[in-house]
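The values are calculated or read from the model by the stated rules, or taken from the named source; none is laboratory data. Since we're looking at a predicted model, the values are computed, not measured. FYI the Cβ positions are ideal-geometry reconstructions off the backbone, even for glycines, and counts take in every protein chain you see.
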Amino acid sequence: MRPRPSSDLHPSPPGAAAHPRSRPRRTGRTHVTPPLRRHTRTHHRRHPADRQVCRAGRHRDFAGVGELFADDAVFTGGGAPVHGGDGVAAMLRDSVIRYEDGTPRTHHVTTDIVVDVDEEAGTAASRARVTVFQALPDFPLQPVAAGRYSDRFAHRDGRRLFVERTVRIHLAGDLSRHLRR
């Protein structure tokens, strides 16, 4: 059997001239899984609640991060599970070191983001890889942790909220300037 030319595998949109080495654009696609069959879409972008966590974290607002979690939410990370938005905010205040500018001087890069949305149920699930970089005047820019986020979201009272976040760190560097032990 002869291999098909790549233009047959990845056709260009109507009216567009394809570059011989161009790759297809990734957009939303239907993702079929048995429990959520017809109403599930997979997206390769962040869920709005996850974007708000990043924004609130960058602006030193741990209470704002906590507000993005439902009252019955569970956050599981390196220690005991934390429950509810107030618990998440308190855990961040107690464990993350903040500097003179009020920030932890970190940058969390999320990649390989996949969001599965069940529109009928008003829920979503996502997974992503995360790499945490940190830099201080006496601590050169470097990755301090790498792992995965697994999240579940629900639409409640007109808001999209976290109902579960699991953080699994697979590689850890020098966290002595990021987290209190």
Turns out the strands (runs of 3 or more DSSP E) fully within the stretch 100-181 with at least 3 residues that are among the β-branched types (V, I, T) are 106-118, 123-136, 159-172
When every residue in the stretch 121-178 that is among the acidic types (D, E) and within 22 Å of A80 (Cα to Cα) is compared, the one nearest to the chain's Cα centre (by Cα) is D151
Per the filter on the stretch 64-116, residues of a type in the set (D, E, K, R) and either surrounded by fewer than 18 Cβ atoms within 10 Å (Cβ to Cβ) or closer than 16 Å to S150 by Cα (or both) are E67, D71, D72, D86, R93, D94, R98, E100, D101, D112, D116
Picked from the stretch 137-155 (must be surrounded by 13 or more Cβ atoms within 10 Å (Cβ to Cβ) and among the hydrophobic types (A, V, I, L, M, F, W, C)), the residue farthest from H170 (Cα to Cα) is A154
Does R159 satisfy the criteria of being more than 14 Å from T106 (Cβ to Cβ) and either surrounded by fewer than 16 Cβ atoms within 10 Å (Cβ to Cβ) or hydrophobic (A, V, I, L, M, F, W, C) (or both)? yes
G84 meets each of (1) touching a His at 6+ places or on another chain (Cβ under 6 Å); (2) of a type in the set (G, A, S); (3) at pLDDT 95 or above with one exception, condition (1)
